[in-house]
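Participant: Next up is a structure, given as structure tokens.
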Amino acid sequence: MSNQSAASANAREIEFWNSAATRQWHEEYSRIDEMFAGLTEYLLTCAAPQPGEYVLDIGCATGTTILGVAPLVGPDGHVTGADISRSSIMRGRDRMAEAGVVNVDLIHDDVTVHEFERGRFDLVISRFGVMFFADPVASFQNIRRAMKPGGRFTAAAWRSPAENVWASAPARVLGDLIPPPVPLGPEEPGQFSWADAARVERILRGAGFSAIAVSQHDPAIRLAGPGDVEGATNLTMSLGPVGRALRGENPPSPEAVRPLLEAYFATIDSPRGILLPGAIWIVQAVA
Ligand SMILES: C[S@@+](CC[C@H](N)C(=O)[O-])C[C@H]1O[C@@H](n2cnc3c(N)ncnc32)[C@H](O)[C@@H]1O
């Protein structure tokens, strides 16, 4: 990694995304991808990559969205993914090689400080990779410099935890077993740090973007297939607020958590699978 160091403004997030707490993003990406399949298709439809375009994917992890975009930009286009997680980037490079995709490159670096070629990208996309910057205006200034004037930005970010029932309902079922989440300061990075649309607009405007549009998208989040209460429980215990509590300080015993989650998921099982409401912003802007 060329530009990041312990002294980086994003040091805490760099440590987090390279820790065991986020292992599932590179070890279990296919389950995460299944969970977000509908949303990913919608995000790429909104972003509308065109043949020949140069695209940047922020916080690309193992590159699912890159694999979606690469065929759309075709052999004359190119997709660059950037991520601070070393294991995700390594797994992503393997995935690109396995898929035989050649019009891509994956950079292991912090997009806040990476020295991208100026004016390179026609389009910047992200699936949940933009909420973790300590100084988001500075990060987006750096990203905008890497875009062509008039280049498009399209990203998905979570709205509030309360609206994201897939994350908040299982945590509620566990009651006092898990500590209430430490509330984020209004400017702190984190999974739900883009929940306030006014803040999102402020960040992008501050970084020099225009034509900022923030629209609601409410996909059903599919935690598992029909009858698969064990799968929904495993996923919930590895991601989101419950996953974080289990890997945090004074974690609850997994043996206490599991039966409560299984009993809850059995009550919402349906022929379409185990689904709960998600609440997302689709954020678009022009460089
Ligand atoms: C919630 S995950 C989403 C990953 C992927 N886009 C997906 O949807 O599967 C957030 C990703 O953003 C990456 N990330 C966080 N801060 C970053 C930064 N400053 N520069 C590059 N990547 C970053 C993390 O390492 C992580 O892989």
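Any read-out appearing in this document is the output of simple, stated calculations on the displayed coordinates, not a laboratory observation. The structure presented is a predicted model; accordingly, all values stated were derived computationally and were not measured. So basically every Cβ, Gly included, is an ideal-geometry build from the backbone, and we count neighbours across all protein chains shown.
Participant: Which trypsin sites (Lys or Arg not before Pro) in region 185-287 pass both tests, a DSSP loop state and at most 12 other beta-carbon atoms within 10 Å? Walk me through the intermediate numbers first.
Facilitator: Numbers: sites: ARG199, ARG202, ARG205, ARG222, ARG244, ARG247, ARG272; in loops: ARG272.
In loop regions of region 185-287 (DSSP not H, G, I, E or B), the sparsely surrounded trypsin sites (Lys or Arg not before Pro) are ARG272.
Participant: Among SER238, SER253, SER168, whose mean-square fluctuation peaks in a Gaussian network model of the chain (Cα, cutoff 10 Å)?
Facilitator: SER253
Participant: Let me ask you something else. Using only the alpha-carbon atoms, what does the chain span along each of its principal axes? Please give whole angstrom values in decreasing order.
Facilitator: Taking the Cα atoms of the chain, the three principal extents are 53, 38, 33 Å.
Participant: List residues of region 101-137, by number, whose backbone nitrogen lies under 18 Å from a label position 7 Å along Cα→C-beta of SER215.
Facilitator: Residues 124-128 qualify, since their backbone N sits under 18 Å from the label point.
Participant: Just to be sure I understand the rule: take each whole DSSP H helix in the chain, project its Cα atoms onto its long axis, keep it if the span is 30 Å or more and its mean Kyte-Doolittle hydropathy is at least 1.6. Which ones pass?
Facilitator: Numbers: long enough: none.
None pass (Cα extent of 30 Å or more, hydropathy at least 1.6).
Participant: Okay, next question. Rounded to the nearest 500, what is the 222 nm mean residue ellipticity of the chain from helices alone, with -39500 (n - 2.57) per DSSP H run of 4+ residues and division by all residues? Walk me through the numbers before you get to the answer.
Facilitator: Numbers: 12 runs with 115 residues, N = 287.
Helix-only estimate at 222 nm: -11500 deg cm²/dmol.
Participant: Compute a Gaussian network model of the chain, connecting alpha carbons closer than 10 Å, and tell me which residue from SER87, SER270, SER210 fluctuates the most.
Facilitator: SER270
Participant: Here's a follow-up. How about region 104-186: which GluC sites (Glu not before Pro) there lie in a loop by DSSP and see at most 10 other Cβ atoms within 10 Å? Mind dumping the intermediate values first?
Facilitator: Working: sites: GLU115, GLU117, GLU163; in loops: GLU115, GLU117, GLU163.
Qualifying residues, ordered by number: GLU117.
Participant: Continuing with this model, one more query. Taking +1 at the Cβ of each Lys and Arg and -1 at the Cβ of each Asp and Glu, which of PRO149, LEU235, ILE221 sits farthest along the dipole of the chain towards its positive end, judged by Cα position relative to the Cα centre?
Facilitator: PRO149
Participant: Please list, in chain and number order, the residues 5+ apart from ASP109 or on another chain whose amide H is under 5 Å from its amide H, with Hs placed from the backbone.
Facilitator: ASP83, ILE84
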